[in-house]
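Below: one structure, written as structure tokens.
The values are calculated or read from the model by the stated rules, or taken from the named source; none is laboratory data. Just so it is clear, the model here is predicted, and its values are computed rather than measured. Cβ sites come from the backbone with ideal geometry, for glycine too, and all protein chains shown count toward neighbours. All accessible areas refer to the heavy atoms of the entire protein, side chains included, with ligands and DNA or RNA removed. Shrake-Rupley method; radii C 1.70, N 1.55, O 1.52, S 1.80 Å.
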Amino acid sequence: MRNALRLALTAVAVAAVSLCLVGGAGAAEPKMKIDPRLRVGTVCFPVTDPLGLPRTLYGKRYTTPTATSATPAIVLVPGIASSTANWDFSPSWSTARALATAGYVVYSYDRLGYARSSYFDVPGGGETLTTREHRRMLH
């Protein structure tokens with residue numbers, strides 16, 4: 001009886017936390033303020049891989065029509081096992097688009113070995129993609 005009560009209370013607690021985190025059924029999707037004139041383009045960055053060979057990092061550039069060469073830039077670097085898509089989930093829910101709307105030119109890219117920036121043609125190459133190498137390629 002005691003275990004059944006404990007199990008039931010645990011189930012109620014999990015359901016309550018899930019409801020708080022996810023929201024109730026029919027909850028409105030959060031809206032971010034995004035400039036409708038925003039431009040999103042594909043960009044490519046040439047880098048040298050750890051073996052000294054030329055490679056390309058693929059990414060996106062987010063900007064508004066009012067951006068100039070004096071507009072400050074932000075580079076969004078995804079974490080491990082992430083890609084540029086993590087900064088731009090949808091046109092209405094996007095860190096990259098919100099930052100561009102706030103007055104920045106925003107660049108996001110896929111680190112070498114992730115998403116579109118492939119590094120699969122180098123046997124054992126993943127072992128050479130250290131934090132130090134990723135930092136070097138970023139700079």
Using the basic label-point model (7 angstrom from Cα toward the beta carbon), what is the residue 74 to residue 40 distance in nanometres? 1.6
Carbon-plus-sulfur fraction of the accessible area of segment 30-71, 1.4 Å probe, in percent? 55
PRE reach from residue 121 (point 7 Å along Cα→Cβ): which of segment 44-83 fall under 18 Å by backbone N? 44-59
